[in-house]
Amino acid sequence: MNLLSTSGRALRVAVGAAALLACGIALAEPEATLVIKNHRFDPAELKVPAGQRVKLTVHNQDATPEEFESHKLNREKVVPPGAKVVVYIGPLTKGSYEFWGEYNEATAKGVVIAE
Amino acid sequence: MFATALIVFRESLEAALFVGIVAAATRGLAGRGSWLAGGIFAGVIGALALAAGADKIGALADGIGQDLVNVGILTAALAMLAWHCIWVSTHGKEMSQEARQLGSSVRAGQRTPRALMIAVALAVLREGAETVLFVAGLTTGTASSGIEMVSAVLLGLAGGVALGALIYFGLSRVKPHNLFAVTNAFILVLAAAIASQLARALAQSGLVDLWSSAVWDTSKLLPSESPVGVLLHALAGYDARPSGLQLVFYVGTLLVVGLATREVRRRQQHGHPQAEALRPRAL
């Protein structure tokens, strides 16, 4: 019992600390936007700061759904037609990270450049 | 057309392999066929509903609604698989004894499949929704003919089902007294893979910001998009660039389920009254 309540308290402290940490980071968080139009990404080359988590908003302006996918970024998310979805990426080390639209791979291609 | 079939194949692969493994794990159990079919059917209905609501869900919670749904589905699936692993590995001996005696372990069938069937429904739901969305997009977006589209979708699905059948028949060759141990190992690894996907969904949605950077990079050695990489991803949760949190979730699941199994076994051996009650015909 004693052990349980101690670990419960430790858990609460840990969760609280994590929440504080998350808020602190959220305040200074860099953001970026990608637009999908005619099955292409704009910009096709997106520059983001390295070493920081980035809030990436993907806005699909086509009438068909798209799946934002990147093995290098380790992300995949469906973007319904007309929708804006948020994908958090990184923190990334410096370098380039290819991404694509899985449903229109022939044209929907781009790269995130962390610098 | 081939590109369309390939996408449908990739989307259906994970669920098909999962169903194949579960079908092998529950071989010979009473009522398995109807449970499995029920799980798949519920998953398909859910997938259609999820796809139909995708626009609304996607816009929820400032653009992370889809991730929230995913987190819920993955958490539930993880719980089901973990519970199944612990239960089966503590009753595996009896189950395999009965399987040898009767050629089937009918009694065990009364309890085990439920968790697995829910897990099957959840797997079909998650993978199916993406397939439905993709196909729905095809019908509005492209100029290709209806027949071509339908045959491409069927071809992709057939490919997925064929791989599921392959793993099922492969596992069916395992001797009955090893079957539970082997399929349980598969299901434990699948549980760890789902935990890793859960960690990724939490990071992607921004809900958790902890150990998000890639721990290693094997994308040159074994790319995630290569056939072997795709297969390993579906079976064992392979990622070429896993985050720290994914690793913690993966290893944590293996450890927690392993330790819980040992604890339940220990209690059974010490004649814990509750455990004793669960034990059918110990003598």
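The values are calculated or read from the model by the stated rules, or taken from the named source; none is laboratory data. Every value quoted in this text rests on a predicted model; they were computed, and no experiment measured them. Positions of Cβ are generated from backbone atoms using ideal geometry, with glycine treated the same way; all protein chains shown enter the neighbour counts.
A compact table of results
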quantity: Residue in region B:241-260 that is part of a loop (DSSP other than H, G, I, E, B) and either closer than 29 Å to residue B:13 by Cβ or at pLDDT 90 or above (or both) present; calculated: yes
quantity: Tally, over region B:121-171, of residues that are outside any helix (DSSP H, G or I) and either touching a residue at least 40 places away in the same chain (Cβ under 8 Å) or within 14 Å of chain A (Cβ to nearest Cβ) (or both); calculated: 3
quantity: Some residue of region A:100-107 being touching a helix residue (DSSP H, G or I) at 6+ places or on another chain (Cβ under 7 Å), of a type in the set (S, T, N, Q) and within 10 Å of chain B (Cβ to nearest Cβ); calculated: no
quantity: Residue in region B:183-196 that is touching a Leu at 6+ places or on another chain (Cβ under 7 Å) and either within 11 Å of chain A (Cβ to nearest Cβ) or surrounded by fewer than 15 Cβ atoms within 10 Å (Cβ to Cβ) (or both) present; calculated: no
quantity: Residue in region B:137-154 that is small (Gly, Ala, Ser) and buried (at least 20 other Cβ atoms within 10 Å of the Cβ) present; calculated: yes
quantity: The listed residue being at the interface with chain B (Cβ under 7 Å from one of its Cβ atoms) and either closer than 12 Å to residue A:110 by Cα or surrounded by 15 or more Cβ atoms within 10 Å (Cβ to Cβ) (or both), out of A:35, A:85; calculated: A:85
quantity: Residues satisfying the stated conditions in region A:46-102, i.e. under 25 Å from residue B:132 (Cβ atoms), under 13 Å from the mean Cα position of the chain (by Cα) and of a type in the set (Gly, Ala, Ser); calculated: A:70
quantity: Filter result for residue B:59 (modelled with pLDDT under 90, touching a Lys or Arg at 6+ places or on another chain (Cβ under 8 Å) and either part of a helix (DSSP H, G or I) or within 19 Å of residue B:132 (Cβ to Cβ) (or both)); calculated: yes
quantity: Whichever residue in region B:204-235 is outside any helix (DSSP H, G or I) and farther than 21 Å from residue A:89 by Cβ and, among such residues, is farthest from the other protein chains (Cβ to nearest Cβ); calculated: B:221
quantity: Candidate set: region B:1-51, residues that are of a type in the set (Phe, Trp, Tyr) and either under 19 Å from residue B:186 (Cα atoms) or within 14 Å of chain A (Cβ to nearest Cβ) (or both); chosen: the one surrounded by the most Cβ atoms within 10 Å (Cβ to Cβ); calculated: B:18
quantity: Region B:75-97, subset surrounded by 19 or more Cβ atoms within 10 Å (Cβ to Cβ) and polar (S, T, N, Q), residue modelled with the lowest pLDDT; calculated: B:96
quantity: Any hit, region A:67-79, residues being charged (D, E, K, R), within 15 Å of residue A:97 (Cβ to Cβ), out of contact with any Pro (no Cβ under 8 Å at 6 or more places or on another chain) and more than 11 Å from chain B (Cβ to nearest Cβ); calculated: no
